[in-house]
Amino acid sequence: MVQLSDPDLDLVFAALADRTRRDVLIALGQRDLSISELAQPHAMSLTGFMKHLRVLEAAGLIARSKEGRVVRCELSAAPLQEAAVWLSRYEKFWNARLDALGRYLHHQEETTSCPTPMAPTSPPPPANAPNSASNATTPSRPKKSGARGPTRKR
């Protein structure tokens, strides 16, 4: 079982917090790629991209291997499994809460009385009929706001 204060788990979640790093993991989930192949879709310098790879490597999410002059990366999914185990506890919590809400709503639906039939609607008033039975007029709203307030001196 994963412990709450596991520093490795902290590294995994920190690595997953960035979209570029998540995109790298998605790409590596398809196949192993060279660093230049991984960096190509991202509009950043190779130096900046390498920082992302170091974060992923420190979290244990990728492994690098060198084939001649080409450095290739591959996905290491074990830390993701540990994160999934940690998250599954909260999935169980929310499923239990949602099930309880469903039971409550179902109970409420069963205990409410039958809906009352709708009252017959009256026909619309004739076109020449006044809008209100009262002859009084309502004053209209003012068109503009009040005077301009004080301004801040710079």
- Task: Go through region 1-57 and give me each residue that's touching a residue at least 40 places away in the same chain (Cβ under 8 Å) and open to solvent by 90 Å² or more (accessible area, probe 1.4 Å).
- Result: Met1, Asp8
- Task: Among what's in region 68-121 and is of a type in the set (Asp, Glu) and either surrounded by 10 or more Cβ atoms within 10 Å (Cβ to Cβ) or modelled with pLDDT of 90 or more (or both), pick the residue that is nearest to Leu9 (Cα to Cα).
- Result: Glu82
- Task: State all residues of region 58-73 that are touching a residue at least 24 places away in the same chain (Cβ under 8 Å) and touching a Ser or Thr at 6+ places or on another chain (Cβ under 7 Å); if no residue qualifies, say none.
- Result: Gly60, Leu61, Ile62, Val70, Val71, Arg72
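The values are calculated or read from the model by the stated rules, or taken from the named source; none is laboratory data. Please read all numbers here as calculations on a predicted model, not as lab measurements. Heads up, the Cβs are rebuilt from the backbone with ideal geometry, glycines too, and the neighbour counts pull from every protein chain shown. Accessible surface is based on the protein model in full, side chains and every heavy atom, while ligands, DNA and RNA are left aside. Shrake-Rupley method; radii C 1.70, N 1.55, O 1.52, S 1.80 Å.
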